[in-house]
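Engineer: One structure, pasted below without further comment.
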Amino acid sequence: MSPSEFVSTSHHPLADGHAWGWEIAVYLFLGGFTAGLLVLSGLARRRGPRATGEPGFALASSGLSIVGLGAISLGMLALFLDLAHKPFVWRLYVTMEPRSPMSWGAWILLLVYPVLLTGIALDPPRALRDRVPALARLARYAEDERVRRGLGLASIAAGLALGVYTGILLSALGARPLWSSGLLGPLFLVSGLSTGAAFAHMASPLAEERHRLARLDNLLIAVELALIALYLIGLASSTEAHAEAAKLLLGGPYTAVFWVVVVGVGLVAPLAIQALTVAGRIAPTHVAPVLVLIGGIVLRFVLVFAGQASHWSRL
Amino acid sequence: MTRLGMVIDTRRCVGCQDCVVACKTENRTPEGYNRDWITYATKGRFPTLSMTIQSERCNHCDDPPCVSCCPTGASHVHPWGGVVLIDHDACIGCKACVVSCPYDARYIHPDGYADKCTFCIHRVERGQDPACVSVCPTHCMHFGDLDDPESEVSRLLASRPHHANLPEAGTGPRIFYLD
Ligand code: SF4
Ligand code: SF4
């Protein structure tokens, strides 16, 4: 028989299960977003040179790498701000802990930087190219098919590793039933790809590319909706602790923000808008991609906070 | 192999908190933080009620998620006795271990590193009992090697019904409570 009342004298800070704050949510979002940019630009690089050499953003240009560099650096800054023992941060890089997703993540982040920097160096923005002649010489290598395709492959690999890891980070922490689902990894990966596609969609100057990205994003959003459904069904039909955790999103305190902002505003609305755009019924705007980005960041916030509120209960 | 663990008799425990104070004194935990604590679980419906009082702390789990999630190896299993410890100078304060513990046994020390019960390893290595065990006025706590069938803890477990907390969390807790 489980107790009807349970009282504990443990009152140390964090015993309420809120060790992680906005920093981790922001970090997970920016990590997934950068992963999306890496995979997309990698795919575009392998496909061929950019359409007509038009200026500005296009998928395989350095633009996405520059944005990715900024995003992942901001994400790492957020992660660093969250550390309580900051002077010891170097300890991450004197060991490799094979069972710790966070350790994998620390090393994956080191892999991401050279890929992004090579992407920028091989196709530097005009302003930079004019000022640094060495860069212009380096950029000639970009015309080599093998270099281009190799970089594309490295970019896809780094992106997938980064995207999968941001999802596994949470599901590897056994104590939180809301996170103990193998679907969290794929969900975060697809969400990262989707936010990356949404951003590239807004930034691309090529109408044809925008059209293709809108179609791709619709597919990703549909997959994401299916993964969310499977994730919740899986939890709700599992043990009592997992079913209780699912209730946080199905009637509990996180229900409104999850269904209205993450699912409604962040997935269903942009899917509808982009479906109409792709069909040629309405003119393309930035509304749908902006909604996807908002949905992506709120998804991380909801899962980081609701996850910590879920626990194995003694009642 | 030595597997250190505790057996606590809930029939003797009166919730006096002597163990809590002993730990605080022994380990000088900062104000507002404690490594062990008391829980009161009430069962049944009025007037047929029963209350179980337990002294709780880190379970020094057999399969500790706090160790496997640690990115620096700061959280580790001591080669002798399987005691779960934290190397303060290797800890970056990422809080993954705090989040991963089903028992909320860990906190972040005001100095920045993760901290929790050590089974008083410094005393145990000198052949003494942990501070909490040694002060208990009702002698309800027992400490020893769970892998040695002749030890006091093993005999108590063999002779009386007992339970562990949240075994369903799957971490293999090593603190047992005699019913
Ligand atoms: S009780 Fe918590 S802190 Fe202690 S070993 Fe188990 S998981 Fe780790
Ligand atoms: S807070 Fe310290 S001990 Fe805990 S997981 Fe992070 S580095 Fe390891």
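Engineer: For chain B, modelled as a GNM with alpha-carbon contacts under 10 angstrom, which of B:Thr39, B:Thr25, B:Thr48 fluctuates the most?
Structural biologist: B:Thr48
Engineer: Provide the solvent-accessible area of B:Asp179, counting protein heavy atoms only and rolling a 1.4 Å probe, rounded to the nearest 10 Å².
Structural biologist: 70
Engineer: By how many degrees, 0 to 90 and rounded to 10, does the Cα axis of helix A:145-171 deviate from the longest principal axis of chain A?
Structural biologist: Result, in degrees: 10.
Engineer: Using protein chains only (no ligands, no nucleic acids) and a 1.4 Å probe, work out which residues of segment B:59-74 have their accessible area cut by at least 30 Å² relative to the chain alone.
Structural biologist: B:Ser68, B:Cys69, B:Pro71, B:Thr72
Engineer: How much net charge surrounds B:Ser151 when only other residues with a Cβ under 14 Å from its Cβ are counted (Lys, Arg +1; Asp, Glu -1)?
Structural biologist: Details: positive: B:Arg3, B:Arg155, B:Arg174; negative: B:Asp129, B:Asp145, B:Asp147, B:Asp148, B:Glu150, B:Glu152.
Cβ neighbours under 14 Å give a net charge of -3.
Engineer: Also, I was wondering about something else. What whole-number value in Å² describes the accessible area per residue of segment A:188-272 for a 1.4 Å probe? Working shown, then result.
Structural biologist: Details: 3420 Å² over 85 residues.
With all protein chains present, segment A:188-272 gives 40 Å² per residue.
Engineer: Once both axes come from the Cα atoms, what is the angle between helix A:207-236 and the longest principal axis of chain A, in degrees from 0 to 90, rounded to 10?
Structural biologist: 20
Engineer: Pick out, in residue order, every one of the chymotrypsin sites (Phe, Trp or Tyr not before Pro) in segment B:31-127 that is DSSP loop and has at most 16 other C-beta atoms within 10 Å; say none if there are none.
Structural biologist: Values: sites: B:Tyr33, B:Trp37, B:Tyr40, B:Trp80, B:Tyr103, B:Tyr107, B:Tyr113, B:Phe119; in loops: B:Tyr33, B:Trp80, B:Tyr103, B:Tyr113, B:Phe119.
Of the chymotrypsin sites (Phe, Trp or Tyr not before Pro), the ones in loops of segment B:31-127 whose Cβ has at most 16 other Cβ atoms within 10 Å are B:Trp80.
Engineer: Further question on the same structure: What number, rounded to the nearest 500 deg cm²/dmol, is the helix-based mean residue ellipticity at 222 nm of the protein assembly as shown, given -39500 (n - 2.57) per DSSP H run of at least four residues and division by all its residues? Walk me through the numbers on the way to the answer.
Structural biologist: Values: 17 runs with 236 residues, N = 494.
Calculated from helices alone, the mean residue ellipticity at 222 nm is -15500 deg cm²/dmol.
Engineer: In chain A, what percent of the accessible surface is made up of carbon and sulfur (1.4 Å probe, ligands and nucleic acids excluded)? Can you show the working numbers first?
Structural biologist: Numbers: 9470 of 13720 Å².
Ligands and nucleic acids excluded, carbon and sulfur reach 69 percent.
Engineer: If the elastic network links every pair of Cα atoms under 10 Å, which of A:Val94, A:Val265, A:Val26 fluctuates the most in the Gaussian network model of chain A?
Structural biologist: Ranking A:Val94, A:Val265, A:Val26 by mean-square fluctuation puts A:Val94 first.
Engineer: Separate question: With a probe of 1.4 Å, find how much accessible area chain B has per residue, and write the answer as a whole number in Å². Could you put the intermediate results ahead of the total?
Structural biologist: Details: 7380 Å² over 179 residues.
Per-residue accessible area for chain B comes out at 41 Å².
Engineer: For the Cα atoms of chain A, what angle does the longest principal axis make with the long axis of helix A:269-278, in degrees from 0 to 90, nearest 10?
Structural biologist: 30
Engineer: Suppose we look only past 27 Å in the calculated P(r) of segment A:65-214. What percent of the Cα-Cα pairs does that tail hold? Walk me through the intermediate numbers first.
Structural biologist: Working: 3901 of 11175 pairs.
Summing the P(r) of segment A:65-214 above 27 Å gives 35 percent of all pairs.
Engineer: Ignoring any ligand, DNA or RNA, what whole percent of the accessible area of chain B comes from carbon and sulfur when the probe is 1.4 angstrom? Let's see the in-between values first.
Structural biologist: Details: 3850 of 7380 Å².
For chain B, the apolar C and S fraction of the accessible surface comes to 52 percent.
Engineer: Accessible area drop of at least 10 Å² (1.4 Å probe, protein heavy atoms): which residues of segment B:33-58 qualify, relative to the chain alone?
Structural biologist: B:Tyr33, B:Asn34, B:Trp37, B:Ile38, B:Thr39, B:Tyr40, B:Ala41, B:Thr42, B:Lys43, B:Gly44, B:Glu56
Engineer: Defining a contact as two alpha carbons under 8 Å apart and six or more residues distant in sequence, what relative contact order in percent does chain B show?
Structural biologist: Working: 335 pairs, mean separation 57.6, N = 179.
Once divided by the residue count of chain B, the mean separation gives 32 percent.
Engineer: Would you mind checking the radius of gyration and Dmax of the protein assembly as shown based on alpha-carbon positions, in Å?
Structural biologist: When restricted to the Cα atoms of the protein assembly as shown, Rg and Dmax are 26.6, 87 Å.
Engineer: For the interface of chains B and A, what total accessible area is buried with a 1.4 Å probe, rounded to the nearest 100 Å²? Numbers along the way, then the final one.
Structural biologist: Numbers: alone 9230 and 15640 Å², together 21110 Å².
Accessible area lost upon association: around 3800 Å².
Engineer: Would you mind listing how long chain B runs along its three principal axes, going by Cα atoms, in whole Å with the largest first?
Structural biologist: The principal-axis extents, from largest down, are 49, 39, 32 Å.
Engineer: Related question: Can you pull out the trypsin sites (Lys or Arg not before Pro) in segment B:1-58 that DSSP calls coil and that have at most 14 other Cβ atoms within 10 Å?
Structural biologist: On the way: sites: B:Arg3, B:Arg11, B:Arg12, B:Lys24, B:Arg28, B:Arg35, B:Lys43, B:Arg45, B:Arg57; in loops: B:Arg3, B:Arg11, B:Arg12, B:Arg28, B:Arg35, B:Arg57.
Sites meeting the loop and neighbour criteria: B:Arg11, B:Arg12, B:Arg28.
The values are calculated or read from the model by the stated rules, or taken from the named source; none is laboratory data. If you're wondering where the values come from, they're calculated on a predicted model, not measured in any experiment. When we count neighbours, we look across all protein chains shown, and the Cβ atoms used for this are built from the backbone with ideal geometry, even at glycine. All accessible areas refer to the heavy atoms of the entire protein, side chains included, with ligands and DNA or RNA removed. Shrake-Rupley method; radii C 1.70, N 1.55, O 1.52, S 1.80 Å.
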